[in-house]
Every structure is written in structure tokens, then in C-alpha cells.
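Okay, structure first, notes after.
The values are calculated or read from the model by the stated rules, or taken from the named source; none is laboratory data. Predicted model, so just to flag it, every value in this text is computed and none were measured. Reconstructed Cβ throughout: ideal geometry from the backbone, glycine too, with neighbour counts over all protein chains shown. What goes into the accessible areas is simple: the full protein's heavy atoms, side chains included, and nothing from ligands, DNA or RNA. Shrake-Rupley method; radii C 1.70, N 1.55, O 1.52, S 1.80 Å.
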Amino acid sequence: MSNSAPAVEACTKIITFLAECEQEIGISEISRGTGINKNMVFRILNTLENEGWVYCNAQKYSLTLLLFGLVSKPLSRLSLNTIASPVLYDLLNKTGESTYLGILKEDKVLYLQHFDGVKNVRVAGRVGGEYDLYCSAPGKVLLAHAEKSFIEEYTSKALEKRTKNSITEKSALLQELENVRKNGYATDCEEFGNGITCAAAPIYDYSGKVIATVGCSAFTTNGECMEMIEKFLPYVLSAAKKISLILGAK
């Protein structure tokens with residue numbers, strides 16, 4: 001049995017449809033655009049008009065600014081850091097590994113938050129630290145979702161071979177970025193530094209744009225990078241999804 005409320009679903013569809021319309025629109029067009037019968041559309045629009053959410057002019061409807069005023073209130077109280085903090089703490093508690101929140105700053109990934117792991121051997125990092133894009137998991141996430149012109153310019157320049165695993169050749173790096181977009185996450189198996197492994201996932205905003213990345217870093221021995229990544233990757237993906245949903249991503 002479904003726990004959904006059909007009337008509420010219909011209402012949200014109509015509000016979303018009106019928000020995407022560039023001009024006032026009639027009931028028939030709304031019905032066709034949403035797949036909701038005209039009678040239901042009329043009843044919902046009538047209710048929304050009475051509540052001040054919708055404006056009707058000559059049988060054409062549009063949203064008022066009341067909805068904007070309502071949704072802007074929580075936006076003014078929230079920031080990426082505020083939203084991400086409890087999720088990062090939860091990620092830290094579940095994995096025991098170092099966790100971080102990063103954004104793109106020019107040609108580096110900038111850590112807005114970083115929490116050291118709780119294990120005896122942990123990967124160090126710091127808030128405000130800037131790290132290379134091509135050889136770090138969070139950097140590869142942000143680079144993969146950057147503008148095409150930026151990717152072309154970045155991958156065309158000479159890149160330092162930090163370790164034997166660092167990907168510095170253009171075609172190989174472009175393929176790696178394609179894999180990141182396809183898989184929905186990036187990994188770093190001793191590419192940034194020997195003994196360091198990492199996994200990161202993208203954070204989306206309401207428009208579907210990648211605005212940040214969240215991930216875990218761990219210390220590895222005996223080349224067991226992927227085995228370690230497999231342990232905490234599900235938690236990283238879950239954290240990224242949770243932050244994205246709060247930001248309005250679908």
C-alpha cells in the first residue's frame with residue numbers, strides 16, 4: 001500500500017509546472033502539462049488562489065511571490081557548511097576515517113571542513129587547505145563536473161607525477177573524468193601520496209549543478225586501496241545524497 005497522498009502529489013506537480021512557465025497559463029494547458037484532469041486542476045488552483053499562492057487573470061494562472069517568500073526563509077538560515085556539518089560527523093562516526101567537504105577554488109579543491117579520523121593512523125588535512133584536482137578524489141569530482149573549457153585548459157597543462165599512480169597524461173585523465181561522471185564518484189588510490197587512499201562523491205544543488213564534494217581519506221598499507229575504499233564508499237555516497245537532497249536536488 002502506498003503512503004503517498006494523491007492530492008498533495010497533484011498540488012506539487014501543478015506548483016512545479018507553474019514555476020517553470022514563463023507566462024500565465026490556462027487550466028487546459030496545465031492539465032495537459034501535468035497529466036492531471038481538469039476538474040482536479042481547477043479545484044487545486046482555486047484553493048491555491050484562496051491561500052494567496054496563485055494569481056488568476058482572465059482565466060490564466062501564475063504563481064505569486066508568496067511561495068518565494070516562504071522558501072527564502074530557510075535559505076537565509078542555511079549554508080553549505082551548516083547543512084554539511086552533521087552529515088560529516090555522521091560519516092566520521094560510521095567510518096572512523098578522515099572526512100571532508102570541498103569546493104572548487106580556481107584550479108584547486110578547497111576544504112571548507114575537515115575532521116580527522118579516530119583511528120591510530122589517520123590522514124591529515126585542514127580547513128582552508130588547497131589540493132590538486134587531478135590526483136585527489138575530491139579534486140577529480142569537481143574537475144569532472146566543471147565547464148568543458150576549464151577541463152580542456154586544465155588537462156592540457158603539464159601535471160606533476162606525485163606518485164607512480166598519478167594520472168598525468170591528458171587522454172588517460174580525460175577517460176578518468178568520464179569514469180567519474182559515469183560512476184557518480186571518484187577514487188584516489190595512492191595518486192596524491194603514497195599510503196593514502198580516498199573516495200569522494202559530488203554534491204548537487206537544486207538546479208542539478210555540482211557545487212561541492214564530500215569524501216573520506218584513509219591510510220593504507222600493502223596496496224589494499226580498493227579494498228579499503230569499498231568499505232567506506234557506500235557511506236560517502238549516502239552522505240553526498242543526503243546533503244544534495246537538503247539543497248533541493250532531485
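What does the convex hull of the alpha-carbon atoms of the stretch 135-215 project to on average, in nm²? It would help to have the intermediate numbers written out before the result.
On the way: hull surface 20.2 nm².
Seen from a random direction, the Cα hull of the stretch 135-215 projects 5.0 nm² on average.
So for the chain, taking the charge dipole from beta-carbon charges (+1 Lys/Arg, -1 Asp/Glu), which of ASN194, ILE167, VAL214 sits furthest toward the positive end?
Result: VAL214, furthest along the dipole toward the positive end.
Considering the chain, which cysteines have no disulfide-compatible partner, defined as another cysteine with its Cβ under 4.7 Å away?
CYS11, CYS21, CYS56, CYS135, CYS198, CYS216
Only four residue types carry charge here, +1 at the Cβ of Lys and Arg and -1 at the Cβ of Asp and Glu. Report the dipole size of the chain about the Cα centre in Debye, rounded to the nearest 20.
Working: 27 positive and 28 negative charges, 94 e Å.
For the chain, the charge dipole is close to 460 debye.
Using a Gaussian network model of the chain with C-alpha springs under 10 Å, which one of THR155, THR16, THR168 is most mobile by mean-square fluctuation?
Of THR155, THR16, THR168, the Gaussian network model singles out THR16 as fluctuating most.
Counting Lys and Arg as +1 and Asp and Glu as -1, each charge on the Cβ, what is the dipole of the stretch 1-100 about the Cα centre in debye, to the nearest 20? The partial results should precede the final answer.
Details: 8 positive and 9 negative charges, 31 e Å.
In debye, rounded to 20, the stretch 1-100 gives about 140.
Please report the accessible area of SER28 (heavy atoms, 1.4 Å probe, ligands and nucleic acids excluded) in Å², nearest 10.
Per-residue accessible area (SER28): approximately 50 Å².
Work from the charge dipole of the chain (Cβ charges, +1 for Lys and Arg, -1 for Asp and Glu, about the Cα centre) and give the residue of PHE150, LEU247, LEU65 farthest towards its positive end.
It is LEU65, whose Cα lies furthest towards the positive end.
Distance between Cα centroids, the stretch 153-178 to the stretch 1-58: provide it in whole Å.
50
Top mean-square fluctuation among ALA19, ALA240, ALA137, Gaussian network model of the chain, C-alpha springs under 10 Å?
Answer for the Gaussian network model of the chain: ALA19.
About the Cα centre of the stretch 153-210, how large is the charge dipole given +1 on each Lys and Arg Cβ and -1 on each Asp and Glu Cβ? Please answer in debye to the nearest 20.
Numbers: 8 positive and 9 negative charges, 16 e Å.
Approximately 80 debye in magnitude.
Mind telling me which of ILE14, ILE211, ILE167 comes out most flexible in a GNM of the chain, alpha-carbon contacts under 10 Å?
Evaluated over the chain, the most mobile residue of the options is ILE14.
Mind grabbing the accessible area of ASP90 for me, 1.4 Å probe, Å², rounded to tens?
50
Looking at the calculated P(r) for the stretch 5-88, what percent of the C-alpha pair distances fall above 17 Å? Walk me through the numbers on the way to the answer.
Working: 1766 of 3486 pairs.
Counting every Cα pair in the stretch 5-88, those more than 17 Å apart make up 51 percent.
On a 21 Å Cα-Cα criterion, which of the cross-link pairs LYS94/LYS241; LYS108/LYS161; LYS164/LYS231; LYS108/LYS241; LYS13/LYS242 come out too long? Present the calculation step by step, with values, prior to reporting the outcome.
Numbers: LYS94/LYS241 16 Å; LYS108/LYS161 16 Å; LYS164/LYS231 24 Å; LYS108/LYS241 23 Å; LYS13/LYS242 23 Å.
The pairs that break the limit, which is 21 Å between Cα atoms, are LYS164/LYS231; LYS108/LYS241; LYS13/LYS242.
Could you report the accessible area of VAL8 in Å², rounded to 10, computed with a 1.4 Å probe on the protein chains as they sit in the structure?
Around 90 Å² of this residue is reachable by solvent.
Restricting to DSSP loop positions (anything but H, G, I, E, B) with no more than 10 other Cβ atoms inside 10 Å of their own Cβ, which GluC sites (Glu not before Pro) remain in the stretch 1-61?
Working: sites: GLU9, GLU20, GLU22, GLU24, GLU29, GLU49, GLU51; in loops: GLU22, GLU24, GLU51.
Passing both the DSSP loop test and the Cβ count: GLU22, GLU51.
Using the reciprocal of the averaged 1/r over all distinct C-alpha pairs, how large is the Kirkwood radius of the stretch 88-188 in Å? Write out the running numbers ahead of the final one.
Details: mean 1/r = 0.0697 Å⁻¹.
About 14.3 Å, per the Kirkwood formula over Cα pairs.
Which whole-number percent is the relative contact order of the chain (Cα, under 8 Å, 6+ apart)? Display every interim value, and only then the final one.
On the way: 405 pairs, mean separation 35.6, N = 250.
RCO, the chain: 14 percent.
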